[in-house]
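Worksheet: one structure, shown below.
The values are calculated or read from the model by the stated rules, or taken from the named source; none is laboratory data. It should be emphasised that the depicted structure is a prediction, and the values quoted were computed from it without experimental measurement. For neighbour counting, all protein chains shown are included, and Cβ atoms are generated from backbone atoms with ideal geometry for every residue, glycine included.
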Amino acid sequence: MQRQHYVVLTVVFYKEEGDERWLAECRELGTASYGDSPEEARERIAEAIELHLNTLERYGERERFFKERGIKILPYEPAKRELDITVPNDPRVFTQAYVHQFAGA
């Protein structure tokens, strides 16, 4: 059985003034999506992140990409305190950690 590994990614959700849609962007991957609500944006960015990471793995590029982007591979499931991210003081912006689990490294 392969050992599980994890990466913690930063997702920023924001709403432009005058825009009804919520935008979501994964800072480390450069992946973005949107939704009519924060929940819809969260669902769509999660799908985009998984597709991005699965594609990197499929083509054997995950480790190179992570190294270039400074994404740390953790050999353990991160504790809640490791997921705390500073939140800007703006009701139209919030930040959330996204944890991805995968086998091997």
Subset of the range 1-37 [surrounded by 17 or more Cβ atoms within 10 Å (Cβ to Cβ), aliphatic (A, V, I, L, M) and in a loop (DSSP other than H, G, I, E, B)] | L29
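Have a look at F65, F94 and point out the one that is surrounded by 16 or more Cβ atoms within 10 Å (Cβ to Cβ) and at pLDDT below 90.
Going through F65, F94 in turn, the sole match is F94.
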